[in-house]
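Following: one structure in structure tokens, then a few remarks.
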Amino acid sequence: MALPDTFTDALARITNPAALSEYIATRKYALDNLFLAQILPPVRSTLADIRYGYFRVVTTPAPITAVDSPYDPVASIQAVDFNGTTFKIAGKALLSEAQQDAMHARAQANFMNGLNTQSVYEDFIMQLIEDGVSLSLDYGEEITRAAALATGKLNLTQGLNVHQADFGVPADYRYDRSTTAKGGYAGANSSFWNDVYAIRDKLFVEPEAITDPITATAILNNPVNKIVVLERLQISPTVVKYTLGRYAQVNGANSSLQDPEARARLTLWVYANRGDSTGPYFWPSGNVTFMRRDQRPTQLIDGQIVRGALGVTHIGPNTESGFQSTRFLKARVDDDRPFQVIALGAEDILPQIREPRNLVLVATTVV
């Protein structure tokens, strides 16, 4: 007996342009797991070439001025220019013939038991679109955000495709701790706390730091750093927030006492996302980024405003989406292999750090 609602019907119903546009617009991101999307949030940008300039006003206090006297200058204006181009990330996922056979068998069982067959097909299709393709694009975005925040640059290579961008982090906001002799955080000459003190003065806030589990373990396990974990919060399956202090020294040795020095404190975010693989973490090991976040609104091109972010992730025009600044998703029967269903996804993006003086980047040893 033929089923009343076929897989082809469900595929056409779910993957029509209006339905997919609605899905993209209303899809809930797992922002707890996409931690860096909170720091460089996605925004739609109508141009693929992100080229603009803005002025940074540096203000000093107005001084006492005598009557009948010229006004003193109280502000300087610095020009900030950025030139960058979005790049494309894309992927596909397949629903094999064997998987379709299992799907049809499940739908047939539902039908014979008087249950709904439509949900079986739709669940398979949406799983292919969501977990097979859309989540992969999320991960692709997140990896590029990690590169931008960890190194202040993009130097992406995939086959013959190369994309580079430099966000202008000043040289004195970059600390080289790449060897033990240079004060690597995993070594005997670790400059960890001295750097925390210096970075606090440079950023003039209580800094937050981000790193991956490998680098975090090297820092926490190095006895030279004299670290005591004051608090550990599991924010999500991929994010742990540490509050770090320092052991007090008694007769030159670590004690069980906490150092009362108020500056010996640090919030450390450990980001362990690597998707569903066992490969490298999204955040590149050996990099620690100290950051200053505030809640001042930042107006972007196209009139959008973000608050409390260090920058944005531009979502630019995508060819497959009719040059709209949105993600492209599609699922269909493969023309060349009609026994397969293929899901496709693509997006044009560019992570960007808007204010590089809010970051201090450290390259450190991990062994």
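For the range 110-140, the set of residues classified as open to solvent by 50 Å² or more (accessible area, probe 1.4 Å), part of a helix (DSSP H, G or I) and aliphatic (A, V, I, L, M) consists of Met112, Met126, listed by residue number. Among the residues making up the range 203-217, those that are touching a strand residue (DSSP E or B) at 6+ places or on another chain (Cβ under 8 Å) and either modelled with pLDDT under 95 or open to solvent by 10 Å² or more (accessible area, probe 1.4 Å) (or both) are Leu203, Glu206, Pro207, Glu208, Pro213. Could you say whether any residue in the range 48-64 is closer than 23 Å to Met291 by Cβ and modelled with pLDDT of 80 or more? No: the range 48-64 contains no residue that is closer than 23 Å to Met291 by Cβ and modelled with pLDDT of 80 or more.
Look at the range 325-338: where a residue is without any contact (Cβ under 8 Å) to a residue 12 or more places away in the chain and a partner is open to solvent by 30 Å² or more (accessible area, probe 1.4 Å) and not hydroxyl-bearing (Ser, Thr, Tyr), sitting 6+ places away or on another chain with Cβ atoms under 9 Å, you get Arg337/Leu94; Arg337/Glu97.
For Thr243, the requirement of being of a type in the set (Ser, Thr, Tyr), in contact with a strand residue (DSSP E or B) (Cβ under 6 Å, 6 or more places away or on another chain) and farther than 12 Å from Phe290 by Cβ is met. His163: surrounded by 16 or more Cβ atoms within 10 Å (Cβ to Cβ) and modelled with pLDDT under 80, yes or no? Considered against the rule, which asks whether it is surrounded by 16 or more Cβ atoms within 10 Å (Cβ to Cβ) and modelled with pLDDT under 80, His163 comes out as no. The criterion of at least 2 residues that are free of Cβ contacts under 8 Å to residues at least 24 places away in the same chain is met by the following strands (runs of 3 or more DSSP E) wholly inside the range 143-227: 153-158, 161-166.
If only one of Ala148, Ala171 is loosely packed, with under 15 Cβ neighbours inside 10 Å, at negative phi and hydrophobic (A, V, I, L, M, F, W, C), which one is it? Before the answer, list the steps.
Values: Ala148 fails: loosely packed, with under 15 Cβ neighbours inside 10 Å.
Answer to the check: Ala171.
Being outside any helix (DSSP H, G or I), open to solvent by 40 Å² or more (accessible area, probe 1.4 Å) and farther than 16 Å from Val360 by Cβ: is that true of Tyr242 here? Considered against the rule, which asks whether it is outside any helix (DSSP H, G or I), open to solvent by 40 Å² or more (accessible area, probe 1.4 Å) and farther than 16 Å from Val360 by Cβ, Tyr242 comes out as no.
For the structure I just gave you, tell me whether Ile349 is modelled with pLDDT of 90 or more, open to solvent by less than 40 Å² (accessible area, probe 1.4 Å) and under 30 Å from Asp176 (Cα atoms). Yes: the conditions hold for Ile349.
Looking for whichever is among the charged types (D, E, K, R), loosely packed, with under 13 Cβ neighbours inside 10 Å and in a loop (DSSP other than H, G, I, E, B) here; the options are Glu231, Glu261. Which one fits? Steps first, answer last, please.
Numbers: Glu231 fails: in a loop (DSSP other than H, G, I, E, B).
That would be Glu261, the only listed residue that is among the charged types (D, E, K, R), loosely packed, with under 13 Cβ neighbours inside 10 Å and in a loop (DSSP other than H, G, I, E, B).
Just to verify a result, which residue in the range 96-109, among those that are touching a Phe, Trp or Tyr at 6+ places or on another chain (Cβ under 9 Å) and of a type in the set (S, T, N, Q), is most open to solvent (accessible area, probe 1.4 Å)? Step by step, filter the range 96-109, then rank; the result is Gln99. Could you list all residues from the range 308-327 that are open to solvent by 20 Å² or more (accessible area, probe 1.4 Å) and among the β-branched types (Val, Ile, Thr)? Hits for the range 308-327 are Thr319, Thr326.
Answer yes if at least one residue in the range 133-141 is more than 28 Å from Val43 (Cα to Cα) and among the acidic types (Asp, Glu), and no otherwise. Looking through the range 133-141, none of the residues is more than 28 Å from Val43 (Cα to Cα) and among the acidic types (Asp, Glu). In the range 328-343, of all residues being in contact with an Asp or Glu (Cβ under 8 Å, 6 or more places away or on another chain) and assigned to a strand (DSSP E or B), the one that is surrounded by the fewest Cβ atoms within 10 Å (Cβ to Cβ) corresponds to Lys330. Annotation note: Cβ proximity below 9 Å between a residue of the range 97-117 that is under 26 Å from Asp334 (Cβ atoms) and a residue that is among the basic types (Lys, Arg) and modelled with pLDDT of 75 or more (sequence gap 6+ or interchain) occurs for Glu97/Arg337; Thr117/Arg106.
The values are calculated or read from the model by the stated rules, or taken from the named source; none is laboratory data. Quick caveat, the model's predicted, so the values are computed rather than measured. Cβ: placed from backbone, ideal geometry, glycine included. Neighbour counts: every protein chain shown. Remember, those area values only see protein heavy atoms, side chains included, never the ligands or the DNA or RNA. Shrake-Rupley method; radii C 1.70, N 1.55, O 1.52, S 1.80 Å.
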